[in-house]
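Notes for the one structure printed next.
The values are calculated or read from the model by the stated rules, or taken from the named source; none is laboratory data. Here the structure is a predicted model, which means the values were calculated and not measured. Cβ sites come from the backbone with ideal geometry, for glycine too, and all protein chains shown count toward neighbours.
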Amino acid sequence: MSTPKSINPINDKTGEFSFQSQNDPNVWFLAGTFGGLAIRKCTIPRGKAILFPIINYEACFADEPLLTDRHQLENKCKQEIDNIGKLYCNVNGLDIKLSEYRIHSEAFEIDLPVDNCLSVNAGHTLMASDGYWLFLQPLSRGKCVIQSFGSCMAGKVKIGCKYQLTVH
């Protein structure tokens, strides 16, 4: 959320900005999308675990003005993810059973910058999230393909990524 919209990996269709905000010494974060499909090619350093969303939903007071307390934010996220349609992930040809990878957060404080990826006013707000995430151990040197897909809102929103990774 802290990376400006213009260079945010979540808006990236090719992988060009996949290196943005990669500050953790142990984990490389792969971004999802706000909708639609993206095919991204990127190079990541060997020795880093990989964290990425299959599908998730966030709600904050800045983009959900009718919600008035932390429990409403959390419930909104839960309800959206409870209504997931199709859910799929494959790593190098191996299908991943995702039922045990659902993660939800309690509401937390966040500062949204100017030009944020939510396209809302900058400032301090409360946010919650719920969704399916995969956390992979560091990959061996070489090529890896990660594909994921999810749909929610009765199939109206479809989110998918294909990552063609080179681990060096």
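Here is a list of conditions, (1) over 21 Å from G123 (Cβ atoms); (2) free of Cβ contacts under 8 Å to residues at least 40 places away in the same chain; (3) more than 16 Å from the chain's Cα centre (by Cα), and F29 meets all of them except one; can you say which number that is?
(3)
Assess whether E64 counts as being out of contact with any strand residue (DSSP E or B) (no Cβ under 8 Å at 6 or more places or on another chain), without any contact (Cβ under 8 Å) to a residue 60 or more places away in the chain and not aliphatic (A, V, I, L, M).
yes
For segment 136-163, name all the residues that are of a type in the set (S, T, N, Q) and loosely packed, with under 15 Cβ neighbours inside 10 Å.
Pass one, segment 136-163, residues of a type in the set (S, T, N, Q): 137, 140, 147-148, 151.
Of everything in segment 136-163, those that are of a type in the set (S, T, N, Q) and loosely packed, with under 15 Cβ neighbours inside 10 Å turn out to be Q137, S140.
Being surrounded by 18 or more Cβ atoms within 10 Å (Cβ to Cβ) and of a type outside the set (V, I, T): is that true of E100 here? Let's see the steps before the verdict.
Working: surrounded by 18 or more Cβ atoms within 10 Å (Cβ to Cβ): no; of a type outside the set (V, I, T): yes.
So E100 fails the test.
What are the pairs, 6+ residues apart or on separate chains, where a residue within segment 11-22 that is among the charged types (D, E, K, R) has its Cβ under 6 Å from a residue that is modelled with pLDDT of 90 or more and surrounded by 17 or more Cβ atoms within 10 Å (Cβ to Cβ)?
K13/A38
On the given criteria, is V91 touching a residue at least 24 places away in the same chain (Cβ under 8 Å), under 24 Å from K156 (Cα atoms) and among the aliphatic types (A, V, I, L, M)? Walk me through how you get there before you give the answer.
Working: touching a residue at least 24 places away in the same chain (Cβ under 8 Å): yes; under 24 Å from K156 (Cα atoms): no; among the aliphatic types (A, V, I, L, M): yes.
No.
Out of everything in segment 4-61 that is hydroxyl-bearing (S, T, Y) and in a strand (DSSP E or B), what residue ends up being surrounded by the fewest Cβ atoms within 10 Å (Cβ to Cβ)?
Kept after step one, since they are hydroxyl-bearing (S, T, Y), are these residues of segment 4-61: 6, 14, 18, 21, 33, 43, 57.
From the residues that got through so far, the ones that are in a strand (DSSP E or B) too are 43, 57.
On the way: T43: 11, Y57: 22.
Restricting to residues being hydroxyl-bearing (S, T, Y) and in a strand (DSSP E or B), the top hit is T43.
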